[in-house]
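The values are calculated or read from the model by the stated rules, or taken from the named source; none is laboratory data. All of these numbers come straight from a predicted model, not from anything done at the bench. Methodologically, a virtual Cβ is constructed for each residue, glycine included, from the backbone with ideal geometry; neighbour enumeration extends over all protein chains shown.
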Amino acid sequence: MLVKKIMIRSYEVGLKFRDGEFKGIVQAGKHWIVDPWNKIRVRVVSTREPWLVDDQLDMIVKSGAIQGRAEVVDLKDYQRALVWIDGRFARVIGPGLHAYWLGARDVQVEVIDARKAKFEHDDLKSIVRASEATRWLDVCKVERDCVGVLFVDGRYVDQLDPGLYAFWKDAADARVVELDMREAQIDVSGQEIMTLDKVTLRMNALVTYVIKDARRAVSAASDVRQSLYREVQLALRAVIGGRELDSFLTGKDDVAQELEQQVREQATALGLEVRSVGIKDVILPGDMKDLMNRVTEAKKAAEANLIARREETAAMRSQANTAKLLADNPTLMRLRELEVLEKIASAGKMNIVLGEKGLADRVVNLL
């Protein structure tokens with residue numbers, strides 16, 4: 001064919017190429033192009049698509065053919081651009097040559113210096129929701145009751161409060177370590193420890209703590225919780241291993257205080273504050289438990305026997321005092337006899353058998 005028909009609508013632009021090289025713009029309308037050797041190609045693009053994308057964009061821009069029709073954005077390696085289309089955030093564009101059409105859509109471009117790793121913007125929430133944002137940005141969120149410890153290229157930079165944060169990927173290696181600042185507990189269970197007198201105990205302890213220094217908690221150990229767990233284990237062995245069984249059982253409060261003091265010192269070095277340390281359970285071996293039960297039973301039996309003897313002694317002493325008092329006071333003795341006779345008479349029928357001579361007279365005198 002010698003002639004080509006090209007139809008370009010009002011919202012379109014034709015990019016004319018000859019032998020693969022850009023030659024100019026073809027305006028809207030109906031065009032007839034004579035091309036006997038089939039060397040001419042017209043690429044029709046819509047200006048309703050904001051961005052002009054072409055492999056020869058640099059040549060198109062350099063020719064000046066789109067001047068007044070499109071805006072050119074040339075971003076350096078350290079620059080990024082935020083693009084709003086019709087008042088809504090659309091995308092983030094990286095280094096390179098870009099061009100967008102004027103007139104059809106309202107396009108706003110904001111150029112950002114990305115040499116500062118942390119990206120801050122009033123519309124951050126809208127920006128990070130865009131699908132292409134994660135290509136250029138590392139986005140993180142610090143949750144409520146937490147803090148984020150920020151490291152850039154391995155160096156501590158800042159401590160972040162709860163909220164949304166973003167960092168340019170190519171600018172630096174940014175890392176945020178999130179720490180929960182609420183009170184937490186560690187259950188140190190199933191610890192087998194030998195006392196000073198060679199008795200093996202099985203113990204469970206409980207530690208309550210909070211993070212006091214977030215930077216130190218991240219830097220002092222790879223896993224601060226596991227480090228605190230280890231310190232409690234070592235403190236238990238040091239405190240319990242230095243006491244005999246009886247001393248431990250009778251002084252649990254002292255043991256708990258000594259244990260808490262040792263753990264508190266180690267926890268401070270880890271950036272933690274220990275609120276409390278307690279021993280929950282102490283489990284004795286089976287044979288030792290039976291022996292302790294027998295000892296306890298023997299002690300209780302001895303205490304019961306001692307109490308019984310003490311009561312018997314008190315009763316005998318009381319009887320002796322009463323006998324002496326009655327012997328020294330005949331009138332009191334007489335009253336005592338009358339009380340006894342009154343109790344007997346009130347009980348009901350009374351039979352008196354007299355055997356000794358003169359006994360009847362004495363009983364009658366009593367009555």
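Assorted remarks:
- Residue within the stretch 92-111 that is within 30 Å of ARG216 (Cβ to Cβ), out of contact with any helix residue (DSSP H, G or I) (no Cβ under 8 Å at 6 or more places or on another chain) and at pLDDT below 95 present: no
- Cross-chain or 6+ apart pairs with Cβ under 9 Å, the stretch 183-211 first and on the phi > 0 side of the Ramachandran plot, then among the aliphatic types (A, V, I, L, M): GLY190/MET203
- Enumeration of residues in the stretch 109-166 that are among the acidic types (Asp, Glu), within 24 Å of the chain's Cα centre (by Cα) and part of a loop (DSSP other than H, G, I, E, B): GLU143, ASP145, ASP161
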